[in-house]
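Down below is the structure, laid out as structure tokens.
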Amino acid sequence: MSITVRLKKGLDIKLKGVATKTLAGEVVANLYGVKPVDFPGLTPKLNVREGDKVLAGSPLFHDKLRPEILFTSPVSGEVLYINRGDRRKLLEIVIQKEGDEYVDFGKADAAGLSREKIRETLLKSGLWPAIRQRPYNVVANPNNVPDAIFISGFDTAPLAPDYNFIIDNSQETNFRKGIAALTKLTDGKINMILNGKGDSSEVLKKTSGVEISYISGPHPAGNVGIQIHHIRPINKGDRVWTVNLQDVLAIGRLFEEGAYKHDRIIALTGSEVLNAQYYRIRSGASIASIVKDNVRPGNLRYISGNVLTGTRITADGFLGYYDSQVTVIPEGDYYEFFGWMMPGLNKFSFSKTFASSLLPRKSYSLDTNLHGGERAFVMTGMYEKVVPMDIYPMQLLKAILAEDIELMENLGIYEIAEEDFALCEYICPSKVEIQSIVRKGIELMIREMS
Amino acid sequence: MDSLRKKIDKIKPHFTEGGKFARLRSVFEGFESFLFVPDKVTFKGSHIRDSIDLKRTMTVVIIALLPAFLFGSYNAGLQHFRSLGLETGILQNFWFGFIRILPMVIVSYGVGLGIEFIAAQIRGHEINEGFLVSGLLIPMIMPIDVPLWMVAIATTFAVILGKEVFGGTGMNIFNPALLARAFLFFSYPAWMSGDKIWTEGLTKGQGVIDGFSGATPLALSAAGETTKLPSIMDMFIGTIPGSFGETSTLAILLGALILIITGIGSWKIIVSVFAGGLGMGLLLNAVAVNPYMELPFYYHFVMGGFAFGAVFMATDPVSGSQTEKGKWIYGFLIGVLSVLIRVLNPAYPEGVMLAILLMNVFAPLIDYYVIQSSIKKRLKRANIATNNYTK
């Protein structure tokens, strides 16, 4: 039963710095970092100390509450240092790459393996965290069997990488094996959602063992949460798992080669990048080598991920576990004389209060300026225009602020993640930190419901 | 502007924690952010933010109010000179009205912003921009002859009891500007209704030519003297007695256009208020037992504050309905009640103010039911989807 959904709500933010469809080849970084903060809700416990030698696939830390979930080293080498933040919060474990050795997890044909065996291999190798669950958008609980698994076949975020380009430059067998392994994990269906607007890669269209649906529309149509909402809405007690397309490839490769090779093709994007293109890079790699001599001078913001949901990193910071994109934009730490009053031909706005709305095709170089101070919620009916879900965003946010569990449940907390509300945060004239509120609500639900 | 920026940076430390004037930091921040969009950058969440902020939002509303404000100035002069039997030019009329309204605007902003600054300081908040609009709305819905001290009291009442006690901008239940008018309406009724107050100078008993009454179309209609009404065109253009900003439906519609195009005002509310007025008007036409009821329904749109209320008061996002479906219901009921109160309640010739304030109270209830129905629908739809899916 293939479903086609056309979404009207949402917003495509047209930014300068789209990656050209050229693959610069493989980037081997010297340093790699694994960041526990990439995994919301995780309480990490270390397995290594500074100076330890590790192989690609050796555990670095695990989840205190579910010790079977391991987070492993992406490369072989030495644990150089362990960075901690406030209250000794574990921020990143940095590995200096040496050699090319891998823990052997055993080659196998995923189709012939049992559910237990697949689960065990994924857990041990460090690829299990690639599987996330809805509700809550946290690492999936290995003791569950999901009602369905969702894979989004496209990304609509600003300057997002083209998944068709990525899949066409990857091993098709890895993708097939990855799907085969995931099929074993659920009694339900594997749903793959393709862009109803453009033509998808043949590899994706001809994937066997999955149910393909089509969704088209502006961002966030590519968000898997939005897709789940329209194809198989989550009720209380339901469990749907999601896997990023690139992680399906890594899962396939794990079984194909018996090694943890968490490679991905990332798009280096943003207005400040001189040569925006694609790179093959390992998860956790330092971005230093790809941004060095490849960005404009100035005070810049480096983001692992996209401008709406990505994580702020330094110029030699590390690629996040789930990210397929690095964005570099200017910092906006300047004062602007009467900025709020100017006609604003260069200011992109969802509202039509700037002259720029007369030029709908223009691309913009946006910076990190907040464009105002935080205020109370005043404008209504705005968030609804960018959340293509049958949900009342403002009321849900207020329910979270009031910590009204039952109302949060009724208004759809199970269906959302931060990324689905990221556009609300972008357009909010009161400059409310909406994604933080959403995460606060999800954390409250996890606490109250477990 | 670098030199100005440097000067501000130089005095800024005095206004921060531990500085000489730390107690005035909200005030300083208010002025600084008025001059310069701050250098604050995103820290977490979305790295880029839309260029719009509340200052911009409120400015758009003020721009939308300008046509009505400019016309109001002209009309105040026009009515005044007409009462004296004088023919004057457009500019003279405008200037006369403008210098009459200016003190009211200054008093309203001075008092209102003063309270806002103090409240922000007490709470340690930044200054909210909400009053930028209310401050202009208050004089625009007052009769031209109202004494300045009344404007001051009404503004104080509206800002303190209508807004700050609820937590400030964004938390109020009632539209502050309407509250200011309602306060005067019930406290000093002689100054808020009657024939004399709408034209500058009439209350002072200056020599008025014979035949000039100063009665508003609403007063004429309520008295059953519908034959004396100005022509529909005059009422649409707005060359009639009435509150300062509300007489010209044409100017108000220009404002509505600005609000709708920029997306700042809810077109749903504007349309549904008119739809409600139309529905009720037609119903009364159908019954039609007195001259007022016989008045064609569209007269209500151009008389009194109907259009002004629909465009600038009912659309207040804070005190109105917040759900999109709720906005339809909310606006429609305002339209219905406005006409109903006008025609059937002899105590209040104008029904719009009361209709909007009443619906302000019911807006949360409307939202509650809209959301409840959505919760039920979502659950039901999800269940159907699950059943289909597992089949």
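The values are calculated or read from the model by the stated rules, or taken from the named source; none is laboratory data. Because the structure is a prediction, the values reported are computed rather than measured. No Cβ is skipped: glycine too gets one built from the backbone with ideal geometry, and neighbour counts run over all protein chains shown. Calculation scope for accessible area: heavy atoms of the full protein, side chains included, ligands and nucleic acids excluded. Shrake-Rupley method; radii C 1.70, N 1.55, O 1.52, S 1.80 Å.
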#### Entry: Kirkwood hydrodynamic radius of the range B:234-310, from inverse mean 1/r over distinct Cα pairs, in Å
13.2 Å
#### Entry: Percent of Cα-Cα distances greater than 16 Å, calculated over the range A:321-361
55 percent
### Query
How big is the C-alpha Rg of chain A next to the rule-of-thumb value 2.2 N^0.38 Å, as a ratio?
0.95
### Task
With N set to the residue count of the range A:70-117, report its C-alpha Rg divided by 2.2 N^0.38 Å to two decimal places.
1.68
### Query
Cα-based Rg (one decimal) and Dmax (whole number) for the range B:256-391, in Å?
18.2, 66
## Note on the structure
Rounded to the nearest whole number, the per residue volume of the convex hull around the C-alpha atoms of the range A:261-341 in Å³ is 93 Å³
### Message
Explain nothing, just the number: relative contact order of chain A, from Cα pairs under 8 Å at least 6 residues apart, as a whole percent.
### Response
19 percent
### Task
May I ask for the accessible area buried between chains B and A, both sides summed, probe 1.4 Å, to the nearest 100 Å²?
6500 Å²
### Message
What number comes out for accessible area per residue over the protein assembly as shown if the probe is 1.4 Å? Units Å², please.
### Response
39 Å²
#### Entry: Average beta-carbon neighbours from other chains, 10 Å sphere, peptide A:391-401
2
## Note on the structure
Stokes-Einstein, Kirkwood over Cα pairs, the protein assembly as shown, 37 °C, 0.692 mPa s; D in µm²/s equals 110 µm²/s
### Task
Provide the convex hull volume over Cα atoms per residue for the range A:196-346, in Å³.
197 Å³
### Task
Only loop residues by DSSP count here, and only those with at most 12 other Cβ atoms within 10 Å; note down the GluC sites (Glu not before Pro) in the range A:360-427 that meet that.
A:Glu403
### Message
Along its three principal axes, how long is the range B:1-128 when you only count alpha carbons? Whole Å, largest extent first please.
### Response
63, 35, 31
### Message
Given R₀ = 41 Å, what would the calculated FRET efficiency be for B:Arg23 paired with A:Lys292, taking r from the Cβ atoms and rounding to 0.05?
### Response
0.25
### Query
Given the Cα-Cα distance of A:Asp168 and A:Met449 and 0.36 nm per residue of separation, how much length would full extension add, in nm?
96.9 nm
### Query
Suppose R0 equals 30 Å; then what is the FRET efficiency for A:Val145 and A:Arg84 from their Cβ-Cβ distance, rounded to the nearest 0.05?
0.25
#### Entry: the range A:145-282: relative contact order as a whole-number percent, Cα under 8 Å and 6+ apart
32 percent
## Note on the structure
Of A:Ser76, A:Ser125, A:Ser114, the most mobile residue in a GNM of chain A (C-alpha springs, cutoff 10 Å) is A:Ser114
### Query
Under Stokes-Einstein, with the Kirkwood radius over Cα pairs standing in for Rh, what whole-number D in µm²/s applies to the range A:331-450 at 20 °C and 1.002 mPa s?
134 µm²/s
## Note on the structure
Whole-Å distance linking the alpha carbon centroid of the range A:342-414 with that of the range B:253-332 is 27 Å
### Summary
Computed on Cα atoms only, the convex hull of the range B:182-285 has an orientation-averaged projected area in nm² of 8.7 nm²
### Summary
Carbon plus sulfur, as percent of the 1.4 Å-probe accessible area of the range A:17-73, comes to 54 percent
### Task
Divide, for chain B, the radius of gyration over alpha carbons by 2.2 N^0.38 Å, where N is the residue count.
1.10
### Message
At q = 0.18, 0.24 Å⁻¹, what log₁₀ I(q)/I(0) does the range B:96-181 have when each alpha carbon counts as one equal point scatterer in the Debye sum?
### Response
-0.67, -1.11
#### Entry: Per-selection metrics, the range B:215-264 (Cα): Rg and Dmax in Å
13.3, 41
